[in-house]
Amino acid sequence: MSAQDVDIYYGEFRAVTGVDLDFGKNEITALIGPSGCGKSTLLRSLNRMNDLVEGARVEGKVMFLDQDIYAKGVDPIEVRRRIGMVFQKPNPFPKSIYDNIAYGPRVTGMKVDSMDDLVEEALTRAALWGEVKDKLKQSAFGLSGGQQQRLCIARTIAVEPDVILMDEPCSALDPIATMRIEDLMRELRDDYTIVIVTHNMQQAARVADRTAFFTALADETSGDRTGVLVEYGQTSQIFENPRDQRTEDYISGRFG
Ligand SMILES: Nc1ncnc2c1ncn2[C@@H]1O[C@H](COP(=O)(O)OP(=O)(O)OP(=O)(O)O)[C@@H](O)[C@H]1O
Ligand SMILES: [Mg+2]
């Protein structure tokens, strides 16, 4: 998957400018940078989630398997099935644990031999099965925050995506639940391409193969701040040997 010269607007306001980024298959890419630099906006452009945001508009291309996901005739629902998303706050449906997983396969009309097997498989892959196997019919709201987030990951996996986008998936979780999600990401990497937005630089350093640093630049005439990609590379290079002073200032905590 790649972003090619992507600009993203909210009405007249250009929130993101000129982003070129190649995402490695079966790699974890972290997007980092100060608040308001457009990380969530860019992430949402990668599966057309911005279509659902009032006033949002994307220019440029997002290529996925040799196809621009914004090209005419592309079905955004199918895009979002292939490129799934996990949000900052766990957002299970007001349904049972079982039905949270079964919902996606049902509504997308997936051909499923045994829904029970599919539910077990998704929950196992999300490292949640052991904790919930005896209460599948209970409400998902009865789970802890960390369990709910793993349920949301299981729900995303259940429709067999190729890519998983995660927007600060651990920011509402304690350190132990965070570790579990990080372990899970490392396991899922074998089968999925993962893009994660995180404010936690240790987390980026721990899990990401490559890291992209963004910042917000003020437009000289309007004064509006727009998000730009400053530097992109192997995570170790970004953290140990940044090429741009702005990256160095950010990762060393001199700039927030
Ligand atoms: N729905 C919206 N309508 C208008 N402007 C928006 C909308 N969503 C975001 N913006 C603006 O776009 C810019 C980028 O916001 P975005 O949420 O992508 O930043 P971010 O890097 O994810 O920040 P944070 O780290 O705080 O989550 C900001 O100036 C923000 O105010
Ligand atoms: Mg954000």
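Each reported figure results from applying straightforward, stated rules to the coordinates on display, with no laboratory input. What you see is a predicted model, and the numbers here were worked out from it, not measured in a lab. Virtual Cβ from ideal backbone geometry, glycine too; neighbours counted across all protein chains shown.
Some observations on this one:
- Counting only strands (runs of 3 or more DSSP E) that sit wholly inside segment 181-256, those with at least 1 residues that are among the small types (Gly, Ala, Ser) and either within 13 Å of ligand 1 (Cβ to nearest atom) or on the phi > 0 side of the Ramachandran plot (or both) are 210-218, 225-234.
- Taken as a whole, the condition of being under 22 Å from Ala208 (Cα atoms) and in contact (Cβ under 8 Å) with a residue 12 or more places away in the chain applies to Ile164.
- For Asp75, the conditions (1) under 25 Å from Ala177 (Cβ atoms); (2) surrounded by fewer than 16 Cβ atoms within 10 Å (Cβ to Cβ) are fulfilled apart from (1).
- If the condition is being within 16 Å of ligand 2 (Cβ to nearest atom), surrounded by fewer than 18 Cβ atoms within 10 Å (Cβ to Cβ) and of a type in the set (D, E, K, R), then segment 148-191 contributes no residue at all.
- Cys170 being free of Cβ contacts under 8 Å to residues at least 40 places away in the same chain and under 15 Å from the mean Cα position of the chain (by Cα): yes
- Looking only at segment 45-82, and only at residues there that are within 8 Å of ligand 1 (Cβ to nearest atom) and touching a strand residue (DSSP E or B) at 6+ places or on another chain (Cβ under 8 Å), the one that is farthest from Ile238 (Cα to Cα): Gly55
- Answer residue from segment 14-42, given it is in a strand (DSSP E or B) and more than 16 Å from ligand 2 (Cβ to nearest atom) and is farthest from Glu231 (Cα to Cα) among those: Arg14
- Pick from segment 41-72, criterion among the aliphatic types (A, V, I, L, M) and surrounded by 20 or more Cβ atoms within 10 Å (Cβ to Cβ), ranking: farthest from Arg14 (Cα to Cα): Ile69
- Among the residues listed as Ala71, Ala102, Ala15, Ala56, the single one being of a type in the set (A, V, I, L, M), touching a residue at least 60 places away in the same chain (Cβ under 8 Å) and out of contact with any Cys (no Cβ under 7 Å at 6 or more places or on another chain): Ala15
- Only residues that are away from ligand 1 (no atom under 16 Å from the Cβ) and of a type in the set (S, T, N, Q) were counted across segment 161-180, and they come to 1.
- Pairs meeting the criteria (first residue in segment 82-93 and within 11 Å of Arg155 (Cβ to Cβ), second residue in a loop (DSSP other than H, G, I, E, B) and more than 16 Å from ligand 2 (Cβ to nearest atom), beta carbons under 8 Å, at least 6 apart or on different chains) are Gly84/Val159; Gly84/Pro161; Pro92/Leu143.
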